[in-house]
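I have placed the structure first, in the form of structure tokens, so that the comments after it can refer back to it.
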Amino acid sequence: MTSVVNDDLKNGSESELTEDQKRLLKYYSASQWTLIWWRFRRHRTAMIAASLLIVMALFGIFAEFVAPYGPTSRNTKYLDGAPQIPQFCDQNGCSMRPFIHGVSTKRDPVTLRAISVPDTNKRVYIEMCLEGEKTELLGFIPIKTHLFGLQDPKAKLHIWGTDDLGRDMFSRTIYATRTSLSIGVMGVFISFVLALIIGGTAGYFGGRTDMVIQRVTEVIRVVPIIPLYMGLAAAMPKEWSTTQIYFAMTLILGLFGWPTLARRIRSQLLSIRNEDYVVAARLAGAKPSRIIGQHMLPSFTSFIIVDLVISFPYMILSETALSFVGLGLRPPTVSWGVLLQQAQSIRVIEQTPWLFIPAVFVVVAVLAFTVIGDGLRDAADPYAEAK
Amino acid sequence: MLRFTLERLVGMVVTMALVSVMVFLIMELPPGDYADRYAFRKYSGTGVNVTEADIQAIRVDLGLDKPLVFRYFDWIGGIVLHGDFGQAFAFETSVLKVIGDKIWLTLGILFSTLIVTYMVSIPIGIYAAVRRASVADYGLTVFSYLGLALPNFLLALILLYFANKWFGADIGGLFSADYKDAPWSFAKAWDLFKHLWLPAFVLAWSAVAYQLQTVRATMSDEINKLAVTAARARGVPETKLLIKYPARLAINPVVSTIGFDVNRIFSELPIVAVVLGLTELGELLLRAYLDLDMYVAGAILLLLTFMIVFMNFISDLLLAWLDPRIKLGASS
């Protein structure tokens with residue numbers, strides 16, 4: 001890029017603006033954020049990760065539309081049922097529309113338990129955007145249409161199987177995506193506000209204030225974080241409602257997630273607190289909060305954003321780990337961790353491996369955030385172009 | 001060096017004092033107090049009618065009616081002066097007895113994990129930096145992403161599943177069934193050793209991913225330094241040169257983050273313990289939390305943090321010995 005820039009500047013002074021020069025003009029007049037976006041766009045893995053994450057977030061936000069069934073509605077005829085993979089062909093020939101086989105109940109010849117077996121002679125066709133269970137989109141817009149479902153209203157479609165109570169794993173995972181991602185967002189937001197206040201105070205005032213705050217930060221950094229979270233989560237009264245627990249969890253994750261970001265803000269502020277423009281603002285009588293917010297923060301906003309993106313995985317993993325051992329969110333709330341609670345033993349994974357699907361979501365989400373964070377860091381580096 | 005050591009020691013004591021206050025506050029968080037839970041646990045289902053007065057008697061007996069500050073000093077005083085961590089009501093014995101030799105098991109897991117972490121990350125990280133854009137280098141990048149994304153407890157589940165599927169063996173736990181309740185002997189120690197590799201590997205997973213990146217990054221920087229070029233020009237053999245100049249410095253950031261690694265390992269221990277069926281402090285901590293046995297939980301949290309702070313101290317000393325510039329910077 002740099003060589004192109006120089007060449008064009010040399011040749012282009014007398015003639016009309018060529019394509020390259022127009023591009024150059026655009027490049028030089030672009031704002032910092034546009035430049036970051038251009039650089040980020042070239043980072044292919046990060047772009048893929050970002051689109052994956054956006055799809056995931058959209059699925060989560062519009063869970064009621066995407067999921068064919070509610071997170072707790074049961075299909076008692078299909079307990080621990082295997083995933084029903086949509087197919088186009090079977091022994092009776094092919095079809096243009098995807099279908100699954102119907103399910104019929106039989107007795108296990110040995111244990112005499114009722115088991116569900118696919119009936120390969122019966123086809124049930126899958127349709128897009130059809131009416132099904134009544135729900136409320138985002139909790140307040142009543143809808144009946146779902147992204148996909150079965151033509152036959154009596155049959156139910158479980159593309160990722162069902163759990164031991166006959167609840168649709170696909171629907172549950174989609175609803176869990178909403179919970180887990182939103183807890184991440186709230187946790188990151190709370191820790192960001194705290195980091196801003198604590199790191200801002202330490203970095204702006206320095207001296208003794210800084211020393212005391214550094215000590216406290218050190219204490220929180222030194223205690224193993226999951227055991228600490230566990231202690232706070234264990235203290236939640238048993239009779240709390242699921243909503244209360246949800247908010248308590250975001251608070252817990254946010255309350256102790258700030259040290260890393262606070263240190264970043266502090267050190268950045270310390271390094272620029274004696275710059276002329278900061279001193280000028282101070283002499284002009286601006287309040288500390290205004291100086292920090294208006295004059296100092298904008299110089300490293302991009303770094304803060306990178307750090308925020310990178311801290312998402314920790315929130316998501318902590319929530320998953322806590323819920324996994326039964327100290328975080330509790331059923332009937334569904335989150336990735338709550339869903340994985342069912343898949344704690346090898347026996348379960350052996351017999352019903354589809355209960356492990358939420359783990360894939362955890363890994364993909366964490367990977368995506370990490371890759372996006374790396375891409376953003378490269379894009380936000382103003383010297384990246386010169387390299 | 002003495003002055004440096006003393007400074008770090010004082011810092012360690014101050015940090016631990018603050019940590020103990022925080023741990024105590026967490027112990028006080030759950031609704032109700034020890035007396036309530038003790039009475040409930042002891043008399044529920046026995047048909048004995050417990051009155052508020054009985055609970056109050058227990059409370060006075062244990063000194064729980066005193067104000068918060070006094071209770072804190074009772075608690076921390078007991079620990080520091082007599083090594084008394086209080087009572088574990090779920091087991092009806094002292095916390096110290098419950099924790100007992102689990103401290104040694106935990107240390108065993110910790111050190112085997114640390115050994116695995118450094119034995120893997122340092123040589124491979126150095127190799128990847130020397131052979132940029134090789135298979136090892138790309139493999140490392142993929143692995144370090146996975147190491148961050150795949151949480152240890154899921155890795156543990158996957159490993160258990162495949163071990164069961166391919167070898168038909170249950171590889172979880174710390175002891176075989178024969179040795180579980182046997183007294184300590186050489187055979188039992190050997191049995192423990194045979195079981196340690198799995199938790200060590202699982203717990204080292206993310207620490208390795210993190211340290212690999214650190215070693216590779218530092219090594220890549222150091223390898224381009226003039227000292228390396230000069231040595232190469234003098235005709236120093238490549239291997240000797242790598243060990244003498246860049247590798248020696250590439251270890252510094254690893255040493256300085258030992259405490260961080262210990263923190264990470266202890267953080268993941270309770271969750272991994274559930275999956276692998278380990279029986280050490282992490283598992284006990286989780287059980288204590290679920291039972292709200294807060295004296296046990298507080299004692300374990302304090303002990304784990306103490307080990308981290310202590311390892312931080314060791315890593316500071318090691319680093320000062322490896323890199324004298326740090327010692328000078330601290331005392332000036």
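The values are calculated or read from the model by the stated rules, or taken from the named source; none is laboratory data. None of these values were measured; they are calculated from a predicted model. All Cβ positions, glycine included, derive from the backbone under ideal geometry; neighbour counts span all protein chains shown.
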- prompt: Regarding B:Gly125, is this residue under 20 Å from B:Ile251 (Cβ atoms) and either among the charged types (D, E, K, R) or crowded, with 17+ Cβ neighbours inside 10 Å (or both)?
  reply: yes
Wholly inside segment A:60-146, strands (runs of 3 or more DSSP E) that include 3 or more residues that are exposed (fewer than 11 other Cβ atoms within 10 Å of the Cβ) and among the aromatic types (Phe, Trp, Tyr) are none
Condition set closer than 21 Å to B:Glu28 by Cα and facing chain A (nearest Cβ under 7 Å), scope segment B:271-289, selection surrounded by the fewest Cβ atoms within 10 Å (Cβ to Cβ): answer is B:Leu286
For segment A:39-53, pairs from a residue that is under 12 Å from A:Ala379 (Cβ atoms) to a residue that is modelled with pLDDT of 85 or more and among the polar types (S, T, N, Q), with Cβ under 8 Å and 6 or more apart or across chains, are none
A:Gln344: passes all of (1) surrounded by fewer than 21 Cβ atoms within 10 Å (Cβ to Cβ); (2) closer than 24 Å to A:Trp258 by Cα but (2)
Considering only helices (runs of 4 or more DSSP H) wholly within segment B:183-265, the ones with at least 2 residues that are closer than 30 Å to B:Tyr161 by Cα and of a type outside the set (Asp, Glu) are B:186-223
Report task. Could you tell me whether segment B:250-265 includes any residue that is touching a residue at least 12 places away in the same chain (Cβ under 8 Å), crowded, with 24+ Cβ neighbours inside 10 Å and more than 9 Å from chain A (Cβ to nearest Cβ)? Result -> yes
From the option list B:Val23, B:Val19, B:Val14, B:Val69, single residue qualifying as under 25 Å from B:Leu303 (Cβ atoms), among the hydrophobic types (A, V, I, L, M, F, W, C) and in contact with a Gly (Cβ under 6 Å, 6 or more places away or on another chain) is B:Val23
Out of (1) in a strand (DSSP E or B); (2) crowded, with 20+ Cβ neighbours inside 10 Å, the one A:Ser180 does not meet is (1)
Counting only helices (runs of 4 or more DSSP H) wholly inside segment B:1-78, the ones holding at least 1 residues that are within 14 Å of chain A (Cβ to nearest Cβ) and on the phi < 0 side of the Ramachandran plot are B:2-28, B:34-43
All-but-one check, A:Ser311 against (1) part of a loop (DSSP other than H, G, I, E, B); (2) within 14 Å of chain B (Cβ to nearest Cβ), failing number (1)
Scanning segment A:241-286 residue by residue, those outside any helix (DSSP H, G or I) and either out of contact with any Gly (no Cβ under 9 Å at 6 or more places or on another chain) or free of Cβ contacts under 8 Å to residues at least 60 places away in the same chain (or both) turn out to be A:Ser241, A:Phe256, A:Asn274, A:Glu275, A:Ala284, A:Gly285, A:Ala286
- prompt: Within segment A:254-273, can one find any residue that is at pLDDT below 85, in the same structural domain as A:Ile213 (by TED's automatic domain parsing) and over 29 Å from the mean Cα position of the chain (by Cα)?
  reply: yes
